[in-house]
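Structure first, commentary second.
The values are calculated or read from the model by the stated rules, or taken from the named source; none is laboratory data. Everything quoted here is computed from the prediction, not taken from an experiment. Heads up, the Cβs are rebuilt from the backbone with ideal geometry, glycines too, and the neighbour counts pull from every protein chain shown.
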Amino acid sequence: MKKYLLLIALFFSLAIYAADKGSWTGFIGDAHCGAKGNNEGHKDCAKKCVKGGAAPVFVVGDKVYTISDPKKVEKYIGDKVTITGTINGDAIDIEKITKE
C-alpha cells in the first residue's frame, strides 16, 4: 500500500513540475490554420475561421497552444498579445492577456 501512495505522490509532483509558468508573446489565431496564424496579415482569416467554428489558439513561433478558456481571447482574435499564465503540455491557462 505504501508503494502505491508513494507512486501517486511522485506522479502528482511530476505533473505539477511539468507545468511552465511565465509570459509569452504571440498571436491569437485559429485551430484551422494553426502556425500559419503567426503574423498580423492573418487577422481577417483568423476571425473568419473562429466565427465559422474553429477554436482560437495561441501561436508562438511554430508552436500552437490550445486555450483552456477561449472566452478570455474573444476580443483578441488575430491580434499580437502577451499572455501570462501556465503552459501544461500543449495547453495554456491564461491569467492575464494584453494586446501588443
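In the stretch 65-85, which residues are closer than 15 Å to Asp20 by Cα and at pLDDT 95 or above?
Tyr65, Thr66, Ile67, Ile83, Thr84, Gly85
Of everything in the stretch 33-76, what is out of contact with any strand residue (DSSP E or B) (no Cβ under 8 Å at 6 or more places or on another chain), surrounded by 13 or more Cβ atoms within 10 Å (Cβ to Cβ) and in a loop (DSSP other than H, G, I, E, B)? Give them in sequence order.
Within the stretch 33-76, Cys33 is the sole residue that qualifies.
Which residues, taken from the stretch 77-92, are in a strand (DSSP E or B), out of contact with any Phe, Trp or Tyr (no Cβ under 8 Å at 6 or more places or on another chain) and within 22 Å of Lys43 (Cα to Cα)?
Of everything in the stretch 77-92, just one residue is in a strand (DSSP E or B), out of contact with any Phe, Trp or Tyr (no Cβ under 8 Å at 6 or more places or on another chain) and within 22 Å of Lys43 (Cα to Cα), namely Thr84.
Applying the selection to the stretch 17-32, what residues are surrounded by 11 or more Cβ atoms within 10 Å (Cβ to Cβ) and either farther than 22 Å from Lys96 by Cα or not charged (D, E, K, R) (or both)?
Ala19, Ser23, Trp24, Thr25, Gly26, Phe27, Ile28, Gly29, Ala31, His32
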